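Engineer: This is the structure, below, for whatever I ask next.
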Amino acid sequence: MKKILLTAAVVFLGMTTAQAQFGKLGGKKVEALTTAVSAFTVSDAEIQQSAREAVKWMDENNPVCELNSKQKDMREYAERLERIFGPYKNYDGLDLNYKVYYVTDINAFACADGSVRVFSSLMDIMTDDELLGIIGHEIGHVKLEHTKNAYKQILLTEAAAKYVGSTKGTVADLMNSDLGGMSQKLMGASFSRKQETDSDDYSYKFLVSNGKNPQALADGFQKFVDMEKEYGADKSLGAKMSSSHPDSEKRVKRVEDKIKKEAKK
Ligand SMILES: [Zn+2]
């Protein structure tokens, strides 16, 4: 039976408004944060290392579909993603890797180290090209450094809370002290509206330059809209859907407007 993703209630694909991690802190903590930021630094290499550790933790704590899984449907999910994603593993100068999580959540996410994780329940409702549209969106978050910048902010914020008024502690210490908690925080990184829109645009170009119809991106988002309408009242299911926010409809329209505009050129 499919499981619920360990980090439920996290909206990866969602177009949430900017939830600045700093915004959640009160006045006093912000001060401490400023002090700590000057003492605590996060390098690109440390971000990459943290990302690798976090995604490894996620892989170990969620059921992963493998090409040699014992269960037939799990093998089929892995084979299908391999077929869809395989051609793009070195796309746009990136070193990407991908896996399917056998979970009930309808979602996908990307990690700063180029790891993309797609959930089997999302694969159930999407065609290959629609799925590629969502994968393109996730690749956009990596290429445009949204994940990298979000991780940096999370690491700084966590360090500020943990190492108040002290210069002790490194990113590695921070990760090691609570690997599960830190992994879930990093994987749950949220992006600004602008970043989500930029990733949608990235995916649009990704589809077009690979000979796919960008309508697939709009169709994929439309499925979120439909599900939201159908199950909107059912909170338990609604919570599992990345569409449980008001903007799916706008995203569909944005993509379709772009298609119309391109057609006129
Ligand atoms: Zn996104």
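Derivation of every value follows stated rules applied to the coordinates shown; laboratory data play no part. A quick note: this is a predicted structure, and the numbers were derived from the prediction, not measured. Positions of Cβ are backbone-derived with ideal geometry, glycine not excepted, and every protein chain shown enters the neighbour counts.
Engineer: Just add up the charged neighbours of residue 142: K/R +1, D/E -1, any other residue whose Cβ is under 11 Å from the Cβ of residue 142. Before the final figure, lay out the partial values.
Structural biologist: On the way: positive: 143, 148; negative: 92, 95, 113, 138, 145.
Summing Lys/Arg as +1 and Asp/Glu as -1 gives -3.
Engineer: Between residue 170 and residue 192, take the C-beta separation as r, use R0 = 22 Å, and let me know the FRET efficiency to the nearest 0.05. Can you show the working numbers first?
Structural biologist: Working: r = 28 Å, r/R0 = 1.28.
Computed FRET efficiency for residue 170 and residue 192: 0.20.
Engineer: What number comes out for the charge environment of residue 53, summing +1 per Lys or Arg and -1 per Asp or Glu over other residues with Cβ under 13 Å away? Spell out each step's value before the answer.
Structural biologist: Details: positive: 52, 56, 185; negative: 46, 59, 60, 113, 173, 178.
Surrounding charge for residue 53 is -3.
Engineer: Quick query: amide H of residue 97 versus all other amide H atoms, modeled in the peptide plane; which residues come in under 5 Å with a sequence gap of 5 or more or a different chain?
Structural biologist: 115, 116
Engineer: Using a cut-off of 13 Å between beta-carbons, work out the net charge of the residues near residue 177 (Lys and Arg +1, Asp and Glu -1, residue 177 not included). Intermediate results must be reported in sequence, preceding the final value.
Structural biologist: Numbers: positive: 162, 168, 185; negative: 53, 158, 173, 178.
With Lys, Arg at +1 and Asp, Glu at -1, the net is -1.
Engineer: List the lysines whose Cα lies under 25 Å from the Cα of residue 3, skipping any in the same chain that are fewer than 8 positions away.
Structural biologist: 56, 70, 72, 99, 185, 223, 229, 235, 240
Engineer: Moving on. Which value in nm describes the separation of the simple spin-label points at residue 97 and residue 70, placed 7 Å from the Cα toward the beta carbon?
Structural biologist: Spacing of the two 7 Å Cα→Cβ label points: 2.4 nm.
Engineer: Still on this structure: Rank the residues 117, 193 as a footprinting-exposure proxy: fewest other Cβ atoms within 10 Å of their Cβ go first.
Structural biologist: 193, 117
Engineer: Please list, by residue number, everything in region 191-213 whose backbone N is under 16 Å from a paramagnetic label point 7 Å out along Cα→Cβ of residue 263.
Structural biologist: Label zone hits: 213.
Engineer: Another question about this same structure. So what are the ³J(HN,Hα) numbers for region 256-265, from phi and the Karplus equation (6.51, -1.76, 1.60; θ = phi - 60°), rounded to whole Hz, Gly and Pro as x?
Structural biologist: 5, 4, 5, 4, 4, 5, 5, 5, 6, 5
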